[in-house]
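Encoded as structure tokens, the structure appears first; notes follow it.
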Amino acid sequence: MTEKQAYVGMDLDTSGGSLVHAMIQAIQEDNEGVIVEDYMVYKKVKVPGKMILNRETVEEHLGADFDMDQVHMVMSSCFGFITDWDEEHLTIEWEE
């Protein structure tokens, strides 16, 4: 059996511009230990153990309404399991 991976997160397509920027700011605000790696065409956002993306926090940074379905437009991949996704938040974590 392999060791449990420490980080969970998502890769965000930088062509999403202000939406991606607002999502990253929201993740940084609502989670501890966030690491953002810039690969020019995408940004890898990772958090130890569990990542939460809250709609309300994204809206605060975006300055506009945000629908959680918009995540589909900019998230090219994720690592960890999406354990909860509704109109208010998205949670990515490693299940026990």
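Annotations for the structure displayed:
- Meets criteria (surrounded by 14 or more Cβ atoms within 10 Å (Cβ to Cβ), of a type in the set (A, V, I, L, M, F, W, C) and assigned to a helix (DSSP H, G or I)) for V45: no
- Members of the range 61-96 found to be surrounded by 15 or more Cβ atoms within 10 Å (Cβ to Cβ) and part of a helix (DSSP H, G or I), listed by number: H61, L62, M68, Q70, V71, V74
- Check on V20, β-branched (V, I, T), assigned to a helix (DSSP H, G or I) and in contact (Cβ under 8 Å) with a residue 24 or more places away in the chain: yes
- Looking at A6, A22, just one residue is touching a Phe, Trp or Tyr at 6+ places or on another chain (Cβ under 9 Å) and surrounded by 12 or more Cβ atoms within 10 Å (Cβ to Cβ), and that residue is A22.
Rule-based calculations on the coordinates, nothing more; no lab input. Given the structure is predicted, the values throughout are model-derived calculations rather than measurements. Ideal geometry is used to build each Cβ from the backbone, glycine not excepted, and the neighbour counts take in all protein chains shown.
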